[in-house]
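Worksheet: one structure, shown below.
The values are calculated or read from the model by the stated rules, or taken from the named source; none is laboratory data. Bear in mind that the values here come from a model prediction, so they are computed numbers and not experimental data. Positions of Cβ are generated from backbone atoms using ideal geometry, with glycine treated the same way; all protein chains shown enter the neighbour counts. For accessibility, only protein heavy atoms count, side chains too; no ligands or nucleic acids. Shrake-Rupley method; radii C 1.70, N 1.55, O 1.52, S 1.80 Å.
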Amino acid sequence: MSINSLVRGYWEDGACGTDADIVGTTANQSREWFERIEQHRYTVEPYIHSVAQFTLYHGKKVLEVGVGAGTDHLQWARAGAQCFGVDLTDEAIETTTAHLALHGFESNLQRVDAETLPFEDDTFDVVYSWGVIHHSDAPERIISEIHRVLKPGGRFIGMMYGRYSLATLRVWTKNALLKGKPWRSFSDVLYHHVESLGTKAYTVRELAKMFSKFRTVSARKIITYYDKKGLPSFISRILPDDMGWFVALRSTK
Ligand SMILES: C[S@@+](CC[C@H](N)C(=O)[O-])C[C@H]1O[C@@H](n2cnc3c(N)ncnc32)[C@H](O)[C@@H]1O
């Protein structure tokens, strides 16, 4: 079975960010269910708004790659963007459709593998993708497709995982060091033990190279909840972004 089929199987089981510890006993896809998901998301990832800057793109044509539960997609709709979205799973497309409908919005959503985007060249003002591209078997192919469908001067905005981070060290400690296999590399443990099989993570330099077809590339590490989890607050408060799991990306075609 291909990596992307396994990735699809993993996320068909439940859209990203809809775990039981977040939604509790609320009814599936009810207003309260979606509100808990939204509240949790921006509590643990508060920097999403300053990276995405949703409200700058009123009236613009925005494609989101990997919509998940549609929480960021809702922010694009609220900002008045013309919304398009793709995801590998029916689960994400159905959940995002319901999420937007609850607030009176619609989007053009399709279930596709983003390695081949079903859009003409030079179509979008913005392509946005948060925590998605590194799950694909061929991230470079998705980046090339994003570049192709962006208009000249269009923006890619997104996030991919950073390889050297406290979150990585946590995964490595649990699955390599404590299993008596300290020779396992960071890339190997992330590939096998973070979310779906095949997850990748990169250095800022590697990402800059992957996006080198773009006219400008900015890649900035962010220290996250996933790095700080379980640490006393007097330590987590002083941790530098350089030790962070997320790399925020902004590129111009
Ligand atoms: C970690 S979730 C992130 C979802 C959402 N962007 C968020 O931040 O909550 C990864 C999502 O990417 C989708 N995905 C993974 N590989 C994909 C691909 N090759 N093409 C399209 N979507 C993909 C998955 O189905 C899943 O919904």
Original post:
Counting Lys +1, Arg +1, Asp -1, Glu -1, what net charge surrounds GLU91 among other residues with beta carbon under 12 Å of its beta carbon?
Top reply: -3
**OP:** Taking H placed 1.01 Å from N in the peptide plane, check which residues at least 5 places from ASP122 or on another chain put their amide H under 5 Å from its amide H.
**Re:** VAL149, LEU150
**OP:** Excluding residues fewer than 8 places away in the same chain, name every one of the lysines whose C-alpha is closer than 27 Å to that of LYS253.
**Re:** LYS60, LYS61, LYS151, LYS200, LYS209, LYS213, LYS221
Subject >> Positive dipole terminus of the chain, leading residue within ILE3, THR25, LEU88 (C-beta point charges) >> reply: ILE3
Original post:
Tell me, how many Å apart are the Cα centres for the range 1-47 and for the range 63-104?
Top reply: 13
Original post:
Roughly how much of TRP11 is accessible, in Å² to the nearest 10, using a 1.4 Å probe?
Top reply: 40
**OP:** Would you be so kind as to identify which of PRO240, THR55, LEU190 lies farthest towards the positive end of the dipole of the chain, taking Lys and Arg as +1 and Asp and Glu as -1 on Cβ and the Cα centre as origin?
**Re:** PRO240
Original post:
Radius of gyration and Dmax for the range 1-128's Cα atoms, expressed in Å?
Top reply: 14.4, 45
